[in-house]
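Nothing in this text is a laboratory measurement; each read-out follows from the coordinates by a stated rule. Remember, it's a predicted structure, so these values are computed and weren't measured experimentally. As a convention, Cβ positions derive from the backbone with ideal geometry for all residues, glycine included, and neighbour counts pool all protein chains shown.
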Amino acid sequence: MSSDRLRRISWWDVAIIAITLVVLLVAAGAVDNFGSSRNFGFLVLDLLPIALIALPMTFVVITGEIDLSVASTLGLTSAVLGSLWNQGLPMETIVPLCVLLGAVLGAVNGLFVTVFKLPSLAVTIGTLALFRGLAFVVLGDSAVADFPAAFTSWVTGGVGGGPIPNALVLLVVLAAVAGLVLHATPVGRAVFATGANEQAARFSGIRVDKLKFWLFVSSGAVAGLAGVLWTLRYSSARADNGVGLELAVVAAVLLGGVSIFGGKGALPGVLAGVVLLATLQNALRLEDVTNESLNIVTGVLLIVSVLLPNLGRSLRATLRRRRLRAARHT
Amino acid sequence: MSALKAPPAAAWWSSVVRAREAGIVLALVALVAYTAVSNPRFLSGQSVRDILLGTSILAVLAVGQAVVVITRNIDLSVGSVLGLSAFTVGSVVQDNPGLPVVVALLAGVGIGVVCGTLNALLVRYGQVPALVVTLGTLYAFRGVTYLTAGGQQITADELPRAFLGFADASVLGVPWLVVIAVAVTVAVGVLLRNYRLGRELYAMGSSPEAAALVGIKVGRNTLVAFAISGAAAGLAGVLFAVRFGTIDAAAGTGYELNVVAAAVVGGVAVFGGSGTVWGAALGALLLTVIGSSLTVLDIDQFWQQAIVGALILLAIAIDRLVALRTARALRKGGPHVQ
């Protein structure tokens, strides 16, 4: 049973990674300018916020919960960053404060889910509206843009001025930490156990509520960090920064093979999902397909990513039944 | 929790429901009274009319959403279906100025039914959760709208006067939009309350496994629920086109949030099996009234979304408390509830 499950996970993981590589290669070969280092930098910056938020989202979805408020957390931290900068606080103080704010917002979600036992889908739809609303209350429809160049150019620049983007290094480090925790520590095993069967996890001594609470806190903190990076990248703090980003994150996570029912998933697949979505968008945009029409690709990929494994499973089941029937007849 | 027929013995249950909706009505009355006292213009004909017209579109959407949510599903694609319907019907009317409004309305419903059916087929036969399917079609339908629109915009002066005039037309002083919204709410409300199909939808939401075991046609009913939600969204698209006159491919972007909010604030539980379309419609009215009150009270419009968010959290917390109390009462209750 568990080996069967393992096989299925790795099958989808391998498939999605292979598809991603193929798409990358085709894009590099067929799309002008896709392979240029300038475009590579854009690609990394485009996928950075989605990839960052997808890391804790993977944990959250594997435990069987969901966090739809992440994009609003990003927007609120961006608004607060702009407002604090306007009030003359130094950047060195503002940045940690913003990450902390994200963690606090995540804790609000965590409280509602673990203490009041409310469904995370409903709670985070509520905080999606609440946090975004507060972002507008903080900053209105104005924008703050005069951020110090030292910070904005760090986000858009490369390591030591080279071609490897700073953002990529940050992402790789955080992804490595998340991957290790999920796949090689007791915390990771507790995440899978909770998603597979919450009651069994409780009975086996896993503190499910505590786990979920801290997952929501880290989801918020990372969304806060993404808010800081987003603001600095575009050098623009606005209340509507990142609107709708939660859908892209959830799409990437599900495309990466994480089951929406919890208990299943792996981080390499999710990262491949993020890269696949970002590559498709980037390449098609270079081919002059409009951003909005790209929505069709995102939507169809999202559905297919869940539909395909399901169809495969029912096909296998049919084949097994047919084999059994054939065996009985001989 | 939801019997196939609504027996008189379930009076305690309907009283809970009534209490839930009474809460919204109370909040509404308090809000309207407070706003009207601080600015009497709030109750002027024009202001009330604006509120009712705004509510009618949101209410139609919320009623459709309630049906889907009651079956323990969700339809996040409604905003995109609204956009698709509004733009498609808008351009058809633009090309055929003689088209009667009724045909336009039916065309919108038709587009919605097709979209809803697609959602349902993926949910039922693809075994993909509704959240994922409708998140996907939220993107896909919107993308289709952008593709067909190609950056175009339909403006009011390109639409025939007969079409736009429908927004101002009224029967016995009640605008047609409001009449349509009320008719939809009543029709769906009666379907859910008094017909076998409606009771089956509640049963499916209370316990999908049990519903399948007692022989309820879960597949067909899922199809009907999503078709209703799609039809409502398609209809709302035409109402949107009539009311605003200016339509681009972005029409209705982000509406799904308000629609789900209206249903949840109206007492439709996100995990299915309880709530009514009356509640959802009242939720839509409350959200719209809050919006106008903020303007009248000279409070920054930016507060609206934050208030909507806080209301959602409040509503699900209250529902949770009520459910806990009901469960405790049931445990203490006599053998008839066993």
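A few notes on this one:
- Peptide B:124-131 is shielded by partner chain Cβ atoms: per residue, an average of 5 of them sit within 10 Å of its Cβ.
- Between 0 and 90°, nearest 10: helix A:267-286 axis offset from chain A longest Cα axis: 60 degrees
- Qualifying lysines (Cα of each under 27 Å from Cα of B:LYS217; at least 8 residues distant if same chain): B:LYS5
- Averaged over the residues of peptide A:113-123, the number of Cβ atoms from other protein chains lying within 10 Å of each residue's Cβ is 4.
- Springs between Cα atoms under 10 Å define the GNM used for chain A, and in it the highest mean-square fluctuation of A:ILE19, A:ILE50, A:ILE62 occurs at A:ILE19.
- Cβ-based net charge around A:ASP67, under 13 Å, with every Lys or Arg adding one and every Asp or Glu removing one: -1
- Every helix of 4 or more DSSP H residues in chain A counts as -39500 (n - 2.57), and over all residues that averages to -26500 deg cm²/dmol at 222 nm.
- Unsatisfied cross-links (Cα-Cα over 20 Å) in the set A:LYS212/A:LYS264; A:LYS117/A:LYS210; A:LYS117/A:LYS264: A:LYS117/A:LYS264
- In chain A, the longest principal axis of the Cα atoms and the axis of helix A:37-62 are about 60 degrees apart.
- Summarising the label geometry, the points placed 7 Å from Cα in the beta-carbon direction at B:GLN152 and A:SER142 lie 4.1 nm from one another.
- Cα-Cα separations in the protein assembly as shown greater than 41 Å, expressed as whole percent: 29 percent
- Kirkwood Rh, Cα atoms: Rg over Rh of chain B: 0.98
- Ordering of B:28-37, B:308-317 by packing [mean C-beta count within 10 Å, highest first]: B:308-317, B:28-37
- For B:PHE166, B:PHE141, order by how many other beta-carbon atoms lie within 10 Å, fewest first: B:PHE166, B:PHE141
- The stretch A:42-95 and the stretch B:228-270 have Cα centres separated by 29 Å.
- For B:TYR139, B:TYR125, B:TYR195, order by how many other beta-carbon atoms lie within 10 Å, fewest first: B:TYR195, B:TYR125, B:TYR139
- Ranked by the mean number of other Cβ atoms within 10 Å per residue, highest first, peptides A:242-248, B:235-241, A:41-47, A:177-183 order as B:235-241, A:242-248, A:41-47, A:177-183.
- Shielding of peptide A:62-72 by partners, expressed as the average count of other chain Cβ atoms within 10 Å per residue Cβ, is 1.
- For chain B, hydrophobic long helices are taken as DSSP H runs at least 24 Å long by C-alpha position along their axis with mean Kyte-Doolittle hydropathy of 0.5 or more; these are B:11-38, B:45-70, B:78-95, B:101-125, B:130-149, B:176-194, B:218-244, B:277-296, B:303-332.
- Against chain A, whose longest principal axis is taken from its Cα atoms, helix A:186-196 shows a tilt of about 60°.
- If the convex hull is drawn through the Cα atoms of the stretch B:183-338, its volume per residue in Å³: 150 Å³
- GNM result for chain A, Cα springs below 10 Å: residue of A:SER314, A:SER219, A:SER153 fluctuating most strongly: A:SER314
- Spacing of the modelled spin labels on A:ARG328 and A:GLN199, each 7 Å from Cα toward Cβ, amounts to 3.2 nm.
- Taking A:ALA201, A:ALA149, A:ALA278 in turn, the Gaussian network model of chain A (Cα-Cα springs below 10 Å) assigns the largest fluctuation to A:ALA149.
- Convex hull volume of the Cα atoms of chain A, normalised per residue: 157 Å³.
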